[in-house]
Amino acid sequence: RRVDGPAQDLLGRRVLMSAGGTREALDPVRYLGNRSSGKQGVALARAAAQRGAHVTLVAASVEVPLPTAAEGVDVVRVESALELETAVHERAPEHDAVVMAAAVADFRPASYAGSKIKKSHDGPQDDSAPSITLVRNPDVLAGLVASRAASPDPTSPVVVGFAAETGDDEGSVLEHGRAKLARKGCDALVVNEVGVGVTFGQDTSTVHLLRPGHPERTVGPADKSVLAHAVLDLLLELLPAT
Ligand code: CTP
Ligand code: CA
């Protein structure tokens with residue numbers, strides 16, 4: 001009998017994924033956001049469910065339709081980096097892997113204005129503008145790696161990070177990616193080249209898959225669902241044998 005669909009090589013695995021861009025509220029009507037569309041994270045969640053995994057998707061702001069429970073994906077909605085951190089840290093221990101595809105804001109406004117920030121209206125010469133002070137957000141991925149280091153446990157989840165890189169004077173996309181992998185201490189890093197109109201919001205991208213002590217692999221340019229399956233192939237290598 002012919003069996004349709006992808007191999008069930010993630011059958012019974014519990015995978016926690018994050019996707020989309022966080023929004024850091026300034027006041028009831030405004031936020032600081034980023035260009036993440038969530039397409040890659042959503043493609044990963046769908047692909048993992050198709051391969052038999054139980055998937056929990058922590059979804060920040062996502063521009064594409066979210067997968068459903070009927071597709072094998074439980075969705076938890078969050079807005080800010082702090083909400084995402086709570087959602088991920090609460091659920092990580094009951095998962096075999098955490099894949100952090102979300103674009104988590106590094107900074108948030110130091111204070112939230114409970115009512116709408118208004119212009120001052122002190123006559124036609126008044127062009128005054130407020131300044132926004134930012135504070136650092138927690139690094140969710142680094143927190144997962146640190147808690148694992150603090151209490152080593154063979155059942156701790158495998159942790160895969162994503163990196164959004166543009167090359168600059170300091171180094172190429174790959175050089176920044178290698179440095180980030182070393183700094184973050186995660187089990188693998190998926191490095192994306194980003195820029196306006198490159199990766200963000202697009203249906204295709206190119207990724208470099210980095211794993212400490214293993215050869216680097218480049219996949220793409222390819223559809224984000226193809227990249228998702230390549231990331232899951234890597235995840236499969238990282239998961240302990242059942
Ligand atoms: N990440 C996170 N929490 C943050 C920021 C990032 O968990 N506050 C995660 C992302 O989900 C991603 C990885 O860390 O999996 C790398 O994100 P990236 O923004 O590329 O790296 P940063 O360490 O924030 O470095 P940079 O200064 O280059 O933004
Ligand atoms: Ca960042």
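The values are calculated or read from the model by the stated rules, or taken from the named source; none is laboratory data. These numbers were taken from a predicted model, which means no experiment stands behind them. Ideal geometry is used to build each Cβ from the backbone, glycine not excepted, and the neighbour counts take in all protein chains shown.
Worth pointing out:
- Each residue in the stretch 161-184 was checked for being touching a residue at least 40 places away in the same chain (Cβ under 8 Å) and within 16 Å of ligand 2 (Cβ to nearest atom), and 4 of them qualify.
- Output for the stretch 212-242, where each listed residue is among the charged types (D, E, K, R), over 15 Å from the mean Cα position of the chain (by Cα) and closer than 19 Å to A47 by Cβ: R217, D223, D233, E237
- Among the residues making up the stretch 132-156, those that are exposed (fewer than 12 other Cβ atoms within 10 Å of the Cβ) and assigned to a strand (DSSP E or B) are V135, R136.
- Candidates V159, V190, V173: the one that is under 24 Å from R13 (Cα atoms), buried (at least 16 other Cβ atoms within 10 Å of the Cβ) and in contact with an Asp or Glu (Cβ under 7 Å, 6 or more places away or on another chain) is V159.
- Enumeration of residues in the stretch 72-86 that are touching a residue at least 24 places away in the same chain (Cβ under 8 Å) and within 14 Å of V15 (Cα to Cα): V73
- Selected residue (only one of K224, K184 is farther than 26 Å from T86 by Cβ and of a type in the set (K, R)): K224
- Selection count where residues are among the β-branched types (V, I, T) and within 18 Å of R14 (Cα to Cα), scope the stretch 43-71: 4
- Test: residue in the stretch 109-131 that is assigned to a strand (DSSP E or B), on the phi < 0 side of the Ramachandran plot and surrounded by 10 or more Cβ atoms within 10 Å (Cβ to Cβ): yes
- The condition (being over 17 Å from the mean Cα position of the chain (by Cα), over 26 Å from P138 (Cα atoms) and without any contact (Cβ under 8 Å) to a residue 60 or more places away in the chain) is satisfied by just one residue among A110, A53: A53.
- Within the stretch 128-157, considering residues that are within 16 Å of ligand 1 (Cβ to nearest atom) and polar (S, T, N, Q), the one farthest from K184 (Cα to Cα): N137
- When A103, A142, A150, A129 are checked against the criterion of being within 24 Å of the chain's Cα centre (by Cα) and away from ligand 2 (no atom under 12 Å from the Cβ), a single residue qualifies: A150.
- Flag for H95 being surrounded by fewer than 17 Cβ atoms within 10 Å (Cβ to Cβ), touching a residue at least 24 places away in the same chain (Cβ under 8 Å), closer than 21 Å to A142 by Cα and of a type outside the set (S, T, N, Q): no
- None of R2, R77, R35 is farther than 22 Å from L227 by Cβ, among the charged types (D, E, K, R) and modelled with pLDDT under 95 except R2.
- Scanning the stretch 69-126 for residues that are among the charged types (D, E, K, R), closer than 21 Å to A188 by Cα and within 16 Å of ligand 1 (Cβ to nearest atom) turns up E85, R91, D106.
- Residues that are touching a Pro at 6+ places or on another chain (Cβ under 7 Å) and surrounded by fewer than 21 Cβ atoms within 10 Å (Cβ to Cβ) within the stretch 1-26 comprise just one, L26.
- Enumerated strands (runs of 3 or more DSSP E) restricted to the stretch 27-87, each holding at least 1 residues that are touching a Ser or Thr at 6+ places or on another chain (Cβ under 9 Å) and surrounded by 21 or more Cβ atoms within 10 Å (Cβ to Cβ): 54-59, 73-77
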